[in-house]
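The structure appears right after this line, and notes come after that.
The values are calculated or read from the model by the stated rules, or taken from the named source; none is laboratory data. In this text the structure is predicted, and so the values were computed from the model without any measurement. Backbone-built Cβ (ideal geometry, glycine too); neighbour counts: all protein chains shown. For accessibility, only protein heavy atoms count, side chains too; no ligands or nucleic acids. Shrake-Rupley method; radii C 1.70, N 1.55, O 1.52, S 1.80 Å.
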Amino acid sequence: MNFLIPFIFITIALIQIGIFVNSISLVKIYPKEKSLKYWSISLILSSLGILGVAVGSLIMSSLDRGSFFLTLSNTIYFISLVLMIFYTKSLKEEITPRHVKIYTLLIIFYAIGFEIIRNKGNFIDRQIFSACLAFIVYFLLLSEIKEKKLFRESYYLKIFAITTFAEFILLIARIIILLSSDYGFIDSLNDVPLIPAALLWVLLIVNIWSYISINGYWSEKMAALNTKNIIENTKIKLLLNEKYKLINSLVTANKTAISAALSASIAHEINQPLGSMKTNSQHLNLLIKGKKEKILIKNIIKDNDRAAKIIATLKSMFSKNKSIYRSEIFDTFVQSLEPIFKESIKEKNIKIKFLLNSSAKVNMNTDELRQVFSNLIQNSIDALSLTSKKNKVIEIKTFTKNNKLFCSVTDNGPGISRKMQGKIFKLYESSKISNSGIGLWLSKYIITRHKGSLSVNKAYLSGAEFLIELPISNNV
């Protein structure tokens, strides 16, 4: 028994110090939680008090008389018990100055009483006095736990309530044993009775469980807070994404509205000179007698009519009037586009291949779709003009699959950069400095109006490939 008692006390104190070190991070996370501060201070004072008792019992000359150091160590441990009442109270209410005064008086009473008994009594008298005062503290602590109903709030607080009650029962048993037996003169560690000492050890071990349960409660709370933060952060990210989508939609809508206004304005302004050009061309046709000149003028009138039709189509797309759709053979329509680009591709040494393998009909507005193909083919012509290749080819291919018609427009030009691929259909976005960035956006808009889709094949590496997908008409 000579070194067993101090060894057990030091071991318990070191375990409590370990829990205290872990509690520092919790106090930092919850700096405004007073209850956590009461718990952590109680923890360190408990370990210091127990260490003091262990060291004091080893160095003092007489255990019967004790020393003031022993009084100080026991008072520090008693303060740690009182702080556990403060911890429990502060979970639900504020600690008032009145509470502080009452419990300060209780601590002073303990310190003075212990010192008086140390001088006038013996070892067992001090043990009984400490146990009785601890009984009062544990009774008040259990009353607070019951009043605040902490055992209903958390699994760990339920453990705290159970361990506190177990300490209370052990304390009662220790008081009964100390009062019911005559242990005689105790002056050294070898004389300390085993049963009361063993009950004290068990009580201190259960007390460690109480501190651990509180640590578990705050760790659980921290985990719940982290989960809540993750959920809230996810919600915030979703809301921000929605916000950015809405902003982009509003920007696009604004651009669309501006484009509509511009289209109507430009159409009105251009229609007048086009009308004059047609009238002058027709008058010139009457004056000129040469066949070649007449053919040239007829082509000018024809191109003038096509330009006027394009402008009328653009104007109608952004007006409230509904476009007229007819069920027509798609391949026939595509083949009819060849004469439009005949001269421009001939000048630039470009070939157009038509690989038309479908006889399917599509509900379409031919004027609008002609604008789409004009944009796509003209882009291919512009791209091929930048290359020094001898074999410049634009390929238009059609096929059907799953009741849908597919049409690809492909060229063997320089292709589209990866950076541009992601925003190529956005309004006012263009890889060409001279372009307005309206063509492809308008093409996609028209195809969407036809309940189809227009996309760029990002995997195509031999140039550029655009894919049109349209629903096949069921009308015969």
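Structure above, values below:
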| quantity | calculated |
| --- | --- |
| Any hit, the stretch 23-39, residues being within 30 Å of LEU189 (Cβ to Cβ) and among the hydrophobic types (A, V, I, L, M, F, W, C) | no |
| Number of positions in the stretch 112-128 that are open to solvent by 30 Å² or more (accessible area, probe 1.4 Å) and not β-branched (Val, Ile, Thr) | 6 |
| Enumeration of residues in the stretch 178-196 that are surrounded by fewer than 17 Cβ atoms within 10 Å (Cβ to Cβ) and at pLDDT 85 or above | LEU179, SER180 |
| Every residue from the stretch 76-113 that is of a type in the set (A, V, I, L, M) and either in contact (Cβ under 8 Å) with a residue 24 or more places away in the chain or touching a helix residue (DSSP H, G or I) at 6+ places or on another chain (Cβ under 7 Å) (or both) | ILE76, ILE79, LEU81, VAL82, LEU83, MET84, ILE85, LEU91, ILE95, LEU106, ILE107, ALA111 |
| Residues of the stretch 62-74 that turn out to be in a helix (DSSP H, G or I), over 19 Å from ILE208 (Cβ atoms) and open to solvent by 20 Å² or more (accessible area, probe 1.4 Å), as a count | 3 |
| Matching residues in the stretch 436-476 - criterion: being crowded, with 19+ Cβ neighbours inside 10 Å, touching a residue at least 60 places away in the same chain (Cβ under 8 Å) and assigned to a strand (DSSP E or B) | LEU454, ALA464, PHE466, ILE468, LEU470 |
| Residue satisfying condition, being part of a helix (DSSP H, G or I), open to solvent by less than 50 Å² (accessible area, probe 1.4 Å), farther than 16 Å from SER210 by Cα and polar (S, T, N, Q), within set SER80, SER57, SER35 | SER57 |
| Identity of the residue in the stretch 337-365, open to solvent by 30 Å² or more (accessible area, probe 1.4 Å), at pLDDT below 90 and polar (S, T, N, Q), that ends up nearest to SER408 (Cα to Cα) | ASN357 |
| Residue in the stretch 381-392 that is modelled with pLDDT of 90 or more, buried (at least 16 other Cβ atoms within 10 Å of the Cβ) and under 22 Å from SER336 (Cβ atoms) present | no |
| Candidate set from the stretch 120-139 (those that are assigned to a helix (DSSP H, G or I) and free of Cβ contacts under 8 Å to residues at least 24 places away in the same chain); member that is nearest to the chain's Cα centre (by Cα) | PHE129 |
| Filter pass, TYR103 being within 28 Å of LYS146 (Cβ to Cβ), in a helix (DSSP H, G or I), among the aromatic types (Phe, Trp, Tyr) and open to solvent by 40 Å² or more (accessible area, probe 1.4 Å) | no |
| Residue, least open to solvent (accessible area, probe 1.4 Å), within the stretch 140-167, restricted to residues that are without any contact (Cβ under 8 Å) to a residue 40 or more places away in the chain and out of contact with any helix residue (DSSP H, G or I) (no Cβ under 7 Å at 6 or more places or on another chain) | SER143 |
